[in-house]
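Have a look at the structure below, then the notes.
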Amino acid sequence: MAIKWPLANIHLVLSWIVIGILGMVEGIYGRTQYYGDWISYLNVSWAVTHIDWREIFNPFWNPGYPALVAAGRALAAPTPEGEWYAITVVNWMIYLLAYASWRGLIRNALALYWPGSLALALHPFTIWIGVCVFLGAGLALDPVSAVCPDLLVTTGFLLGSSLLLSLIRRRDIVTATLLGLVLGLGIWVKGVFTPFSCLFILTLFIYCCARGGLWRPFGVATGVFGLFFATYVAGISWSYGELTLGASGALNVPWHVNELPHLTNWQGGPEQFGRPIHPTSQLVAGLPAFGFGTPFHTTYPPYNDVAYWYKGFRSFFSLKLELIAMGRSLWSLQQIIRQHPIVLAVAVAFLPILVNRSWRASLARITIRTWPLLLPTVGGFGTYFLVHVEERYLSAFIMIVALLSWAPLIDVTLPSRRMLATALVMIYGAGAVAELAVTDAPSVEAAIHRADFHDDPRWRLANALTASGLRPGDAVAVIRDTAPTVRVSWAYVSRLRIVAEFGGLPYRIEPQDRNRFDRKDEILWPDFSEMFWTQLTPQQRDQVMKAFSRSGARAVVSLTMPKTPSDPGWVQLKGTSAWLYRFADTAK
């Protein structure tokens, strides 16, 4: 079918407008606080700003995305609000790059496998099906609002897949260099890109063995990647104190597979895991009071510098536990399918193809032919599946699998092509609309009511702490509530350092994450504030407070307080449920 270029360009421009507007709305209104992983990456971004090499090469939190945040923050107003908007702009630009990479992948797939159909890259069907898939699998699963490198990982995977197909077609050194550069930079973005990069290089190696003629570009791509990889490994090994390829995979496997108690304040045990070399300090025997003021000066060191506190644990392989972990991944996957219509739409899109013999045969031929595109995708998903699956990990894989579902339409001999095209438009259109309604409706509603992060209780708490006289860099202790240990957005926004806490016990995957029936009688996060104020004796509370003071805390924040008379000296922070106690030598 001939395509009129002006009309095609109009559709393309409109697609960018739709993508850009929806991404910006979600980026501004999709979050109201910083979560645990996000705060850790933001701490690394400050290390980039201050050129603190040991923290830049944090072996758990890769510096690639934080470096971009640091660059964006340098151009913004030097306020928490300025940083918030700078992060949104940085994420939005990554999001647009992801869309460009997705469009480039479609074009390179057509150019390699169906060069006579290259003009279809600008066909309205291709453009708008691509938009539906990207909005559903990209914006919804990898939101612009998330302050983490997952969207950048998605971008790198799509761009790497696109460059791989381009290299197979062009066989030139420039493309090989770009591929090696993308894979090498991916290592600096997130630890999971190490196995991803190996999968891309393995795919290229197999193709060279099977077809030949690509050995020189293969060597260039591998060499460029190796340079970035070696530099990064040298940096994190220096920071960690011993040779390491990164602590992310080394800890996530024991956490999610072997059931190592995780997140914060692990003091050792069970026996098979051994003990950490330098655990956080238990301040009062028999009570969940911990100190961690040194050697780090980050927002919340037990999680921001998790590799240090877990150093010395023992890892092991258990086939039984691995099978159980894969069972958990299956459970998570079916939950993702149930909760995200776009994932269901991708699965449903294959059903009409499978029930028609001619369509099924075409799909089988295309699947075999496009193995260089599918091998990294299948292997990348398998990397997560063996350990832990979340929706934010899957967007690139879902997009590539979706691309496979409409590939049979390229076959001009395929019977009833219009019928299949109509079915796919209906399926993906409905999937995208439903996904946006389910996942992004809160962002749109917040935009309509102009309800942004300023209305979040943690942001109000941060402002109240600043108004109380505490200054950026001040050390505080915290009496936790029922929120997950790593939820310390209020401390990051007010630029306070948590040096001690009551609560924050390590979380073990058993039994909560194996609960298949959503039982409500298992408490995942105890109410440590309730424990502190109603279950401890006055003498025990005094012990904890004195231990907080010895840890260097200038003040103590109780995130909630039961309806009981508080000890003298506590003042409720205006407009919040939190209370503040300032030690006598710091009170004004």
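The values are calculated or read from the model by the stated rules, or taken from the named source; none is laboratory data. A quick note: this is a predicted structure, and the numbers were derived from the prediction, not measured. With ideal geometry, Cβ positions are generated from the backbone for all residues, glycine too; neighbour counts draw on all protein chains shown.
A few points about this structure:
- Hits in the range 42-52 - residues which are surrounded by fewer than 23 Cβ atoms within 10 Å (Cβ to Cβ) and either closer than 30 Å to LEU436 by Cα or polar (S, T, N, Q) (or both): THR49
Let's see how each residue does on (1) more than 26 Å from PHE157 (Cα to Cα); (2) more than 24 Å from the chain's Cα centre (by Cα); (3) assigned to a helix (DSSP H, G or I):
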{"site": "PHE317", "(1), (2), (3)": "yes, yes, no"}
{"site": "ILE324", "(1), (2), (3)": "yes, no, yes"}
{"site": "ARG360", "(1), (2), (3)": "yes, yes, yes"}
{"site": "LEU363", "(1), (2), (3)": "no, yes, yes"}
{"site": "VAL378", "(1), (2), (3)": "no, no, yes"}
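- Residue that is surrounded by the most Cβ atoms within 10 Å (Cβ to Cβ), among those in the range 493-514 that are under 24 Å from the mean Cα position of the chain (by Cα) and modelled with pLDDT under 70: ILE509
- Of the residues screened, ALA464 is one that is over 30 Å from SER117 (Cβ atoms), in a helix (DSSP H, G or I), touching a Lys or Arg at 6+ places or on another chain (Cβ under 8 Å) and not aromatic (Phe, Trp, Tyr).
- Qualifying residue in the range 53-72 (condition: surrounded by fewer than 17 Cβ atoms within 10 Å (Cβ to Cβ) and touching a residue at least 60 places away in the same chain (Cβ under 8 Å)): yes
- The residue that is modelled with the lowest pLDDT, counting only those in the range 208-218 that are in a helix (DSSP H, G or I) and surrounded by fewer than 15 Cβ atoms within 10 Å (Cβ to Cβ), is ARG211.
- One residue alone among ALA67, ALA98 is closer than 30 Å to ASP455 by Cα and aliphatic (A, V, I, L, M), and that residue is ALA67.
- Sole exception among (1) of a type outside the set (Lys, Arg); (2) in contact with a Lys or Arg (Cβ under 9 Å, 6 or more places away or on another chain); (3) in a helix (DSSP H, G or I) for LEU185, by number: (2)
- Test: PHE397 is out of contact with any Ser or Thr (no Cβ under 8 Å at 6 or more places or on another chain), closer than 30 Å to LEU22 by Cα and either of a type in the set (Asp, Glu) or modelled with pLDDT of 95 or more (or both): no
- Pairing residues of the range 1-26 that are within 29 Å of ARG417 (Cβ to Cβ) with residues that are surrounded by 15 or more Cβ atoms within 10 Å (Cβ to Cβ) and modelled with pLDDT under 90, at Cβ distances under 7 Å and at least 6 apart in sequence or on separate chains, gives ILE3/LEU122; ILE3/HIS123; ALA8/LEU122; HIS11/PRO124; LEU12/LEU122.
- Comparison of THR231, THR294 shows that the only residue that is more than 19 Å from the chain's Cα centre (by Cα), at pLDDT below 95, polar (S, T, N, Q) and not assigned by TED's automatic domain parsing to the domain that holds LEU505 is THR294.
- Test: LEU374 is within 23 Å of PHE125 (Cβ to Cβ), at pLDDT 95 or above and either in the same structural domain as ALA347 (by TED's automatic domain parsing) or not small (Gly, Ala, Ser) (or both): yes
- Of the numbered criteria (1) in a helix (DSSP H, G or I); (2) touching a Gly at 6+ places or on another chain (Cβ under 6 Å); (3) more than 30 Å from ALA221 (Cβ to Cβ); (4) among the small types (Gly, Ala, Ser), the one GLY82 fails is (2).
- Checking each residue in the range 418-447 for being β-branched (Val, Ile, Thr) and either closer than 17 Å to GLY23 by Cβ or touching a residue at least 60 places away in the same chain (Cβ under 8 Å) (or both) picks out VAL425, ILE427, VAL433, VAL438, THR439, VAL444.
- Qualifying residue in the range 404-419 (condition: of a type in the set (Asp, Glu), part of a helix (DSSP H, G or I) and surrounded by fewer than 21 Cβ atoms within 10 Å (Cβ to Cβ)): no
- Residue check for PHE350: among the aromatic types (Phe, Trp, Tyr), in the same structural domain as PRO143 (by TED's automatic domain parsing) and either surrounded by 14 or more Cβ atoms within 10 Å (Cβ to Cβ) or within 22 Å of TYR507 (Cα to Cα) (or both): yes
- Hits in the range 73-88 - residues which are crowded, with 16+ Cβ neighbours inside 10 Å and free of Cβ contacts under 8 Å to residues at least 60 places away in the same chain: ARG73, ALA76, GLU83, TYR85, ALA86
- Among the residues of the range 292-340, those that are surrounded by fewer than 15 Cβ atoms within 10 Å (Cβ to Cβ) and of a type in the set (D, E, K, R) comprise ARG314, LYS320, ARG338.
- Residue that is under 20 Å from LEU436 (Cα atoms) and either touching a Ser or Thr at 6+ places or on another chain (Cβ under 7 Å) or part of a helix (DSSP H, G or I) (or both), where the choices are LEU112, LEU135: LEU135
- Residue pairs meeting the criteria (Cβ under 7 Å; at least 6 apart or on separate chains; first over 30 Å from THR194 (Cα atoms), in the range 361-377; second modelled with pLDDT of 95 or more and in a helix (DSSP H, G or I)): none
- Filtered by the rule that a residue be among the basic types (Lys, Arg) and under 19 Å from TRP46 (Cα atoms), the range 467-486 gives a lone residue, ARG471.
- Residue check, ARG103 surrounded by fewer than 24 Cβ atoms within 10 Å (Cβ to Cβ), over 19 Å from PHE381 (Cα atoms) and out of contact with any Pro (no Cβ under 8 Å at 6 or more places or on another chain): yes
- Pairs, first within 17 Å of THR175 (Cα to Cα) and assigned by TED's automatic domain parsing to the domain that holds ARG169 in the range 199-219, second of a type in the set (Gly, Ala, Ser) and at pLDDT 95 or above, C-beta under 6 Å, six or more apart: PHE200/GLY160; PRO217/ALA176
- So ALA347, is it under 27 Å from VAL486 (Cβ atoms), among the aliphatic types (A, V, I, L, M) and at pLDDT below 95: no
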